[in-house]
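The values are calculated or read from the model by the stated rules, or taken from the named source; none is laboratory data. These figures come from a predicted structure and were not determined experimentally. Here the Cβ positions follow ideal geometry from the backbone for every residue, glycine too, while neighbour counts run over all protein chains shown.
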């Protein structure tokens, strides 16, 4: 990915690969700026929440037997589950974090960084009985390695050839995290600071629509029965992917702009409850999506932005434009919002007391003496199945 020809007599010590390896090997916790520590803790808590919600993923039941077969039983924690072998838990946790598409995205490289970095770092830290401080450093390093590699390649050409960045650059971040030993300094402007945490379980091309609809609903106190029409403007690229897709089943509903607009307007929120078979089949919701939601290309909308115009039955128009969704690095979730998302994701998988304890230990991760204190909390209570 990072091209460098070696001339006669050129030392391999100067190659980008060696420089990156030295950076990882020599990195100290003290080199990690406070803003990077805070960002790492937030991404980590969000990843745990996404993994807990991931047990509701449609394919989770198929991945779990594969993870079990890889290494059999073991003592490594499955987030929201029991325990598996080191490799099995790492695989399953990686899938769980991204199973309902609610995890982070590094915008510049369209790469999820948590699913590849958090599972191996957590598993190794637990196995080696390391501290929360060690884990925090490992996570930050993994995020940094992943995004540095992504920014160092010609991403537009990479994407144009059909490559998917998480599977290509993510493993390097995963490998960069687990050394967990006393390890040049983290830049004051870390590469992964532009990673954003999704507020909703949707891929990154529709959250701007959700953000806009929610803003109008909350500002104008709108209900479906008051609405005559909703017009949604998307960029041409996003329209081609999601403008007119139907909503037959959960997977397509998550991709459908029409359905997403209708259900968010009706329910005033967007989480997994809005994509159950019963909700998707609701006749009133179906009729609203078909008859009152118009999706079109808006030349003024760029990238994954959106413009939403709601016309009520009295003829009044309300417009909201979003260049980025809530959760983007340009409009980040607050700590309170990240915690609220975590509570929603953990609902039904962990007890309320345990949820409070996980939040507290994650916020104060560098003060946790042993990572196993946290992972024990993350295992599902007896009787809760993966």
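Within the bounds of the range 156-164, is there any residue that is more than 20 Å from the chain's Cα centre (by Cα) and surrounded by 21 or more Cβ atoms within 10 Å (Cβ to Cβ)?
no
Going residue by residue through the range 249-269, is there one that turns out to be on the phi > 0 side of the Ramachandran plot and surrounded by 14 or more Cβ atoms within 10 Å (Cβ to Cβ)?
yes
Just give me the residues in the range 28-38 being part of a helix (DSSP H, G or I) and surrounded by fewer than 21 Cβ atoms within 10 Å (Cβ to Cβ), in sequence order.
29, 30, 31, 34, 35, 37, 38
Sort out which residues of the range 52-70 are outside any helix (DSSP H, G or I) and over 23 Å from residue 249 (Cβ atoms), and write them in order of number.
none
Given the structure, is residue 52 in contact with a helix residue (DSSP H, G or I) (Cβ under 7 Å, 6 or more places away or on another chain), surrounded by fewer than 19 Cβ atoms within 10 Å (Cβ to Cβ) and either under 19 Å from residue 336 (Cβ atoms) or in the same structural domain as residue 99 (by TED's automatic domain parsing) (or both)?
Taking the combined requirement at face value, the residue does not satisfy it.
Here is a yes/no grid of residues against (1) farther than 19 Å from residue 310 by Cβ; (2) modelled with pLDDT under 90; (3) not assigned by TED's automatic domain parsing to the domain that holds residue 37:
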{"site": "216", "(1), (2), (3)": "no, no, yes"}
{"site": "228", "(1), (2), (3)": "no, no, yes"}
{"site": "235", "(1), (2), (3)": "yes, no, yes"}
{"site": "241", "(1), (2), (3)": "yes, yes, yes"}
{"site": "253", "(1), (2), (3)": "yes, no, yes"}
{"site": "256", "(1), (2), (3)": "no, no, yes"}
{"site": "263", "(1), (2), (3)": "no, no, yes"}
{"site": "266", "(1), (2), (3)": "no, no, yes"}
{"site": "279", "(1), (2), (3)": "yes, no, yes"}
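Would you please name the residue that is surrounded by the most Cβ atoms within 10 Å (Cβ to Cβ), looking only at residues in the range 98-123 that are modelled with pLDDT of 95 or more and in contact with a strand residue (DSSP E or B) (Cβ under 9 Å, 6 or more places away or on another chain)?
122
Only one of 44, 27 is at pLDDT below 90 and either in contact with a helix residue (DSSP H, G or I) (Cβ under 8 Å, 6 or more places away or on another chain) or on the phi > 0 side of the Ramachandran plot (or both); which?
None of the other options fit; the residue is 27.
So residue 73 clears everything in (1) over 24 Å from residue 111 (Cα atoms); (2) part of a helix (DSSP H, G or I); (3) at pLDDT 85 or above except one condition, right? Which one?
Condition not satisfied by residue 73: (2).
So residue 110 fits all but one of (1) farther than 19 Å from residue 145 by Cβ; (2) within 15 Å of the chain's Cα centre (by Cα); what number is the exception?
(1)
If a residue must be crowded, with 24+ Cβ neighbours inside 10 Å and modelled with pLDDT under 95, how many such residues does the range 82-92 contain?
Here the count works out to 0.
Could you check residue 130 against (1) farther than 17 Å from residue 177 by Cα; (2) not in a helix (DSSP H, G or I) and say which number it fails?
(1)
Scan (1) touching a helix residue (DSSP H, G or I) at 6+ places or on another chain (Cβ under 8 Å); (2) surrounded by fewer than 20 Cβ atoms within 10 Å (Cβ to Cβ); (3) modelled with pLDDT under 95 for the single condition residue 369 breaks and write down its number.
So residue 369 meets the others, but not (3).
Say we look at the range 271-323 and pick out the residues that are under 26 Å from residue 49 (Cβ atoms) and exposed (fewer than 13 other Cβ atoms within 10 Å of the Cβ); which of these is nearest to the chain's Cα centre (by Cα)?
Going through the qualifying residues, I end up with 277.
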